[in-house]
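For reference, the structure is listed below as structure tokens.
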Amino acid sequence: MNHTNSDDLFEQSKKAIPGGVNSPVRAFLNVGRNPLFIKSAKGSHITDVDGNTYLDYVCSWGPGILGHAHDEVIEAVKKACDQGLTYGAPTEKELILANMIKEAMPSIEKVRLVNSGTEATMSAIRTARGYTNRDYIIKFRGNYHGHSDGLLVKAGSAALTTSVPDSKGVPKAYTKHTLVANYNDKESVEALMGEYGQQVAAVIVEPVAANMGVVPPTKDFLSFLRKITQEYGSVLIFDEVITGFRLGYGGAQERYNIEPDMTTLGKIIGGGMPLAAYGGRAEIMEQVSPVGEVYQAGTLSGNPIATTAGIATLSILKQHPEYYDQIEENAKILAAAFRKWGEKTGQPITVNQVGSLLSAFFTEKEVVDFESATSSNTQAYTNYFNHMLQNGIYVAPSQYEAMFVSMAHTREEIEQTCQCIIGQ
Ligand SMILES: *Cc1c(COP(=O)(O)O)cnc(C)c1O
């Protein structure tokens, strides 16, 4: 492969930034090549510093549901910039965005804006603990909720033990209240609740898991979680940082018709700017300072530029419910192409698709949890990734990240992508 400007920038970046990147997956470590350095993006395409343009299915890992640099969003942001970038004081835009979120998700009676999904989940858990006066939480293996200490855990070796840190630098003491259950496995939740139930502040779950590849909940898994958390007086937190405003305007909770006690949001609600949120029942959210005694703050929280991008994005989504049908339909067409490739080549493949999220796992197993997801042949994924890239299509550089379909992908581009998938 020829030496490129991306290669140069990567070499230089590695001297200034750990691994040359500001978030690990960007380093392309799993796909055996250097990352592309991006110069610009518009609609369904991104362009690298060498002038190559790619059809993009990463969409900045979710925020880009309208495609890149949507004219109306960019116009609104430019106008907002002229009024100042940040004030550290309340603004009307925060109120507008809060009301849009509440209207979209009636389970959210009050909402606090923050800057990242990590901050949202961390703060939601603190609030749930403050509300219940309990310390334990239950999370699911393979669900990702950002990188706060207590959530960077893996299951301990024995059943019903607490978890162990999944990162260096996290003291064991910080994860001892985090219990790990298996996704879609009711018995594992029942067992933990049986042992610790009266001390469990919250169960946090991705209602559709999208950080081990896409793994939908089995038929009554979410309603089971709703019921068992009510029985034990624990707070049910839906982490909708990916699914919120993606699986429909009302997120996964609308799609599956389950009301969680609390919800975390991010990605789409910032319209490409750093913005996230946590919210829920008023009684719970009133634990948060300055009303209650759960402390949480942020210098740039509710930033006027970020809220402007968020409001513009949500307004467009609200006005165009048909967009959701379009992206879901396109995701189904892509899913069918992967299956067709499997039939054609006899290679094992399992495709999970929910709304505009999809994943092709190179395994013959049904993928329902972390164990089955990680049975996938990652070398086959790497081959697929490189084949797509050589054909001008940029997909996630990891088996365990979703493929995101945006409003900007035309049917023609989807068909072209299908040809490429089948032709690998
Ligand atoms: C991306 C993500 C997060 C973390 O959000 P950041 O903004 O990257 O901190 C949390 N939960 C889920 C489900 C996510 O997909």
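The values are calculated or read from the model by the stated rules, or taken from the named source; none is laboratory data. Note that this is a predicted model, so its numbers are computed, not measured. Here Cβ is always computed from backbone atoms with ideal geometry, including for glycine, and neighbour counts include all displayed protein chains. Note: areas computed on protein heavy atoms with side chains; ligands, DNA, RNA excluded. Shrake-Rupley method; radii C 1.70, N 1.55, O 1.52, S 1.80 Å.
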Among the residues of the range 248-257, is there at least one that is over 22 Å from residue 330 (Cβ atoms), modelled with pLDDT of 95 or more and not in a helix (DSSP H, G or I)? yes
For the list (1) over 20 Å from residue 235 (Cβ atoms); (2) open to solvent by 70 Å² or more (accessible area, probe 1.4 Å); (3) within 16 Å of the ligand (Cβ to nearest atom), I need the number of the one condition that residue 90 fails. (3)
From the list 243, 218, exactly one residue is within 11 Å of the ligand (Cβ to nearest atom) and out of contact with any Ser or Thr (no Cβ under 7 Å at 6 or more places or on another chain). Which is it? 243
Does the range 370-392 hold any residues that are in a loop (DSSP other than H, G, I, E, B) and crowded, with 21+ Cβ neighbours inside 10 Å, and which are they? 376
Every residue in the range 221-240 that is touching a helix residue (DSSP H, G or I) at 6+ places or on another chain (Cβ under 9 Å), more than 16 Å from the ligand (Cβ to nearest atom) and over 25 Å from residue 366 (Cβ atoms), please. 229, 231, 232, 233, 234, 235
With criteria (1) open to solvent by 40 Å² or more (accessible area, probe 1.4 Å); (2) in a helix (DSSP H, G or I), residue 98 comes up short on (1)
Looking only at the range 102-122, how many residues end up being within 16 Å of the ligand (Cβ to nearest atom) and either over 20 Å from the mean Cα position of the chain (by Cα) or in a helix (DSSP H, G or I) (or both)? 6
Within the range 123-133, is there a residue that is within 16 Å of the ligand (Cβ to nearest atom), open to solvent by less than 60 Å² (accessible area, probe 1.4 Å) and assigned to a loop (DSSP other than H, G, I, E, B)? no
Filtering strands (runs of 3 or more DSSP E) wholly in the range 1-79 for at least 1 residues that are among the acidic types (Asp, Glu), away from the ligand (no atom under 16 Å from the Cβ) and open to solvent by less than 40 Å² (accessible area, probe 1.4 Å) gives 45-48, 53-56
For residues that are of a type in the set (Val, Ile, Thr) and more than 24 Å from residue 251 (Cα to Cα), scanning just the range 322-366, find the one that is surrounded by the fewest Cβ atoms within 10 Å (Cβ to Cβ). 345
Given the structure, is residue 218 open to solvent by less than 10 Å² (accessible area, probe 1.4 Å) and polar (S, T, N, Q)? no
Being outside any loop (DSSP other than H, G, I, E, B), closer than 24 Å to residue 191 by Cα and either in the same structural domain as residue 193 (by TED's automatic domain parsing) or modelled with pLDDT under 95 (or both) is true for just one of 142, 150, 156. Which residue is that? 150
